[in-house]
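Asker: Let me begin by handing over the structure; questions about it come next.
No lab work stands behind these numbers, since they all come straight from the coordinates. Just so you know, these numbers come straight off a predicted model, no measurement behind them. Don't worry about glycine lacking a Cβ; one is built from the backbone with ideal geometry, like all the others, and counts go over all protein chains shown.
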Amino acid sequence: MDELVVSTEVYADPEEVYAFLLDFPRYANYSEYLREVRTVTGDGGPGTRYALTFAWWKISYTARSEVTGVEPPERIDWEITKDIDAGGCWRVTPAETDEGDEATDEETADPSDDAPCEVALEVEFDPGSASSDALDLPRLVSFDWVLKKAIPLIRSEAERVVERAVQDLEGSTRDVDLDVYVDSDRI
């Protein structure tokens with residue numbers, strides 16, 4: 001399995017971050033290639049299924065995903081349910097605070113005063129498990145060529161989604177420092 005983890009700090013309440021990330025259909029606003037996310041069934045919790053329509057070059061594809069577990073406000077697990085062995089999670093790790101150092105309502109009223117929490121998007125996938133029957137390719141275009149071109153886009157898309165989500169959560173634009181871990185020769 002290839003692995004990609006994109007993480008950063010976000011200055012927002014962990015419960016707010018979790019609720020924001022649970023609203024999966026909004027992700028189409030952050031991605032260059034994800035055109036639409038349609039809820040097939042569910043409310044964002046375990047068992048919720050989505051249809052994700054991607055478009056790149058001359059190819060359009062609808063992936064199916066399912067939320068497989070949640071641990072509010074710290075984790076949302078998901079997996080792709082057809083055509084490729086892939087899955088991952090969103091992790092929200094609250095900032096550590098000193099014992100007995102509780103913030104007052106006045107101190108937490110301004111979001112810019114929030115202690116940062118860490119947000120991470122983790123993705124695991126096996127490109128070898130991808131089904132060539134899943135795509136209607138143009139003539140003379142091989143499935144292997146498509147994989148070779150598309151797999152490196154996963155990293156830039158993950159980075160884009162995390163950066164844009166952070167900007168929406170914080171309500172402002174700033175340079176978002178990302179930590180990126182890759183365990184793959186293809187990404």
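Asker: First select every other residue whose beta carbon is under 15 angstrom from the beta carbon of residue 40; then total the charges, Lys and Arg +1, Asp and Glu -1.
Answerer: For residues surrounding residue 40, the net value is 0.
Asker: Still on this structure, I have one more. Just to confirm a number: summing +1 for Lys and Arg and -1 for Asp and Glu over residues other than residue 28 whose beta-carbon lies under 14 angstrom from that of residue 28, what do you get?
Answerer: Its environment carries a net charge of 0.
Asker: So what's the angle, to the nearest 10 degrees on a 0 to 90 scale, between helix 153-170 and the longest Cα principal axis of the chain?
Answerer: With rounding to tens, the tilt is 30 degrees.
Asker: Please give me the summed charge of the neighbours of residue 161: other residues whose Cβ is under 12 Å from its Cβ, Lys and Arg +1, Asp and Glu -1.
Answerer: Neighbourhood net charge equals -1.
Asker: State the volume of the convex hull built on the alpha-carbon positions of region 1-73, expressed per residue in Å³ and rounded to an integer.
Answerer: 127
Asker: Just from its helices, what would the mean residue ellipticity at 222 nm be for the chain, if runs of 4 or more DSSP H residues each count -39500 (n - 2.57) and the sum is divided by every residue, rounded to the nearest 500 deg cm²/dmol?
Answerer: Using -39500 (n - 2.57) per qualifying helix, the result is -6000 deg cm²/dmol.
Asker: Please give the Cα centre distance for region 57-99 versus region 121-187, rounded to the nearest Å.
Answerer: Using only Cα atoms, the two centres lie 14 Å from each other.
Asker: How many percent of all Cα-Cα pairs in the chain sit more than 22 Å apart?
Answerer: 49
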